[in-house]
Amino acid sequence: MNIQYAPAQEKDIGLLLDMMSRFYAIDGYHFDETISRSNVSAFIANEQLGRIWLIVIDNEIAGYLILTFC
């Protein structure tokens, strides 16, 4: 099994939002795509806030990881 962590880019926002909405749905949490799109875009653009990585297993995206800085 080959596991890689690829830094998220602007082009990945749609994919991230899809994974986020499915994750929220597991517990019935409300997901606002407009607000989330704005927040993820700002987060990717400003590395002082933290980092987002896509988790890639055997060349397939399996999830994401978000690390925030305080």
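Tabulated data for the structure shown
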item	result
Amide H contacts of ALA8 (H built 1.01 Å from N, under 5 Å, at least 5 apart or other chain)	ILE52, TRP53, LEU54
Accessible area of region 27-70 belonging to carbon and sulfur atoms, whole % at 1.4 Å probe	52 percent
Per residue accessible area of region 1-46, 1.4 Å probe, in Å²	72 Å²
Value of [θ]222 nm, deg cm²/dmol, for the chain, DSSP H segments ≥ 4, -39500 (n - 2.57) each, nearest 500	-12500 deg cm²/dmol
Highest average packing first - 30-41, 12-23, Cβ atoms within 10 Å	12-23, 30-41
Span per principal axis, largest first, for the Cα atoms of the chain (Å)	34, 30, 23
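The values are calculated or read from the model by the stated rules, or taken from the named source; none is laboratory data. As the structure is a computational prediction, the values presented were derived from the model and not from experiment. So basically every Cβ, Gly included, is an ideal-geometry build from the backbone, and we count neighbours across all protein chains shown. For the accessible areas, the whole protein counts, side chains as well, though only heavy atoms, and no ligand, DNA or RNA atoms are used. Shrake-Rupley method; radii C 1.70, N 1.55, O 1.52, S 1.80 Å.
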